Amino acid sequence: MELRQLRYFVAIAERESFTRASEHLLIAQPALSAQIAKLEDELGVALFERAGRGVRLTVPGRLVLVEAQRTLAAADALERIARAGAEGAVGSIRIGYTRLFPFHDMTAVLRAFRQERPLVALVLREHPANEHAQLVRSGELDGAFGRLTDELDDDGELAGYSLITVPTMVVLPRGHRLLVHRTVQLRELALEDWIVISSVVGGSIRDDVLALCRRAGFTPRIAQETPDVRVLFGFVAAGLGVAMGTSAGRDLAVRGIRFAATSPHLTIRYGLLVRRDAKSAALEALIREVCNAAHLIADRD
């Protein structure tokens, strides 16, 4: 039994005529009759009986019609799902992120992606930044929102799509003496207590910030460590020390802190990390959203 035989059968049943069904299906009537005869042989029942110049369903034929319509509807649905999967309209993608990623810009990308592809399940997983490359490389993650570095750019297996580039800024408690300056010289913070992101979360950003301080002539005196950037800002607001963040950290809207430009500073590039050989249509659609959002952010800035 073939799907085309069921389609022929339904077409005849709906029109009560081999002739009209033949014209609708663009099939010669002898060929159509032969297929129905073959179907009847396979089922072991007569599906039609003569009725004047047309045909009508037999009792078994009426029962078969109901199931044939259901079968054809299910086959059509399966075809639509398969086509949608090939076009990236359904399915799922596993995306990692780090709590240090500029939250507002990531959510803007995800919102645009969901509006365009509401049937694609986004499985979001938080991982330390220093684990992203290996998780993407191994296939455990389809992609990851995190910091993009020159080392990753040179990786033959991975590709990074930039979303936003921001400078590092010093985070000071409200009323701090150095806020009177338009730009804070980093060496002026040499005697301050520092609050830093834990190494397991901060990864390369933490290392680069500490290296920047050393180039400015001092080693930061670390008073507190935390894996959570909001807690880090809260400690600053409480007067427990100063910290380094980025302008994107303002999105967290923690009261009692101020951001100030520093000299020297780092430029941090954030984006989506994927495998170069990624073939998922849904992932390719997410990459397009990142690129589109990057253009909007550049125009905004």
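Please treat every number below as a calculation from the coordinates, not as lab data. Because the structure is a prediction, the values reported are computed rather than measured. Quick reminder, even Gly has a Cβ in these numbers, built from the backbone with ideal geometry, and neighbours come from all protein chains shown.
So, by mean Cβ neighbours within 10 angstrom, what's the order for 22-29, 240-247, 98-105, 170-177 with the highest one leading? Write down the numbers at each step before the final one.
Values: 22-29: 13.5, 240-247: 22.4, 98-105: 20.4, 170-177: 17.4.
Ranked from most to least packed, the peptides come out as 240-247, 98-105, 170-177, 22-29.
Using all C-alpha to C-alpha distances in segment 108-230, build P(r) with 5 Å bins and read off the rounded percent in each one.
Reading upward from the zero bin: 2, 8, 15, 17, 17, 14, 11, 8, 5, 3, 0.
Sequence-distant or interchain residues sharing an amide H contact under 5 Å with D193, placed H: which?
For D193, whose amide H was placed from the backbone, the distant partners under 5 Å are V242.
Using alpha carbons only, how many angstrom separate the centre of segment 230-301 from the centre of segment 127-148?
Using only Cα atoms, the two centres lie 16 Å from each other.
Provide the per-residue ³J(HN,Hα) series for segment 36-47, in order, calculated from phi with Karplus coefficients 6.51, -1.76, 1.60 and θ = phi - 60°, each as a whole number of Hz, with x at glycine and proline positions.
Per residue, the Karplus-derived 3J(HN,Hα) values read 5, 4, 5, 4, 4, 4, 5, 7, x, 9, 8, 9 Hz.
Net charge around L212, counting only other residues with Cβ within less than 13 Å of its Cβ (Lys, Arg = +1; Asp, Glu = -1)?
Values: positive: R187, R206, R214, R215; negative: D207, D208.
Net charge in that neighbourhood comes out at +2.
Given H placed on each backbone N at 1.01 Å, which residues far from A261 in sequence or on other chains put an amide H within less than 5 Å of it?
Long-range HN contacts for A261: V184.
Please compute P(r) over all alpha-carbon pairs of the chain, binned at 20 Å starting from zero, and give each bin as a whole-number percent.
Binned Cα distances yield the sequence 27, 33, 18, 15, 7, 0.
Per 10 Å bin, what percent of the C-alpha pairs of segment 1-141 does each bin hold, from zero upward?
For segment 1-141, the binned pair fractions read 10, 27, 17, 11, 12, 14, 8, 1 percent.
Of all DSSP beta bridges in the chain, what percent run antiparallel (nearest 5)?
Numbers: 28 of 48 bridges.
Beta bridges within the chain, antiparallel portion: roughly 60 percent.
If you wrap segment 165-267's Cα atoms in a convex hull and average its projection over all directions, what's the area in nm²?
On the way: hull surface 22.8 nm².
Computing the convex hull of the Cα atoms and averaging its projections yields 5.7 nm².
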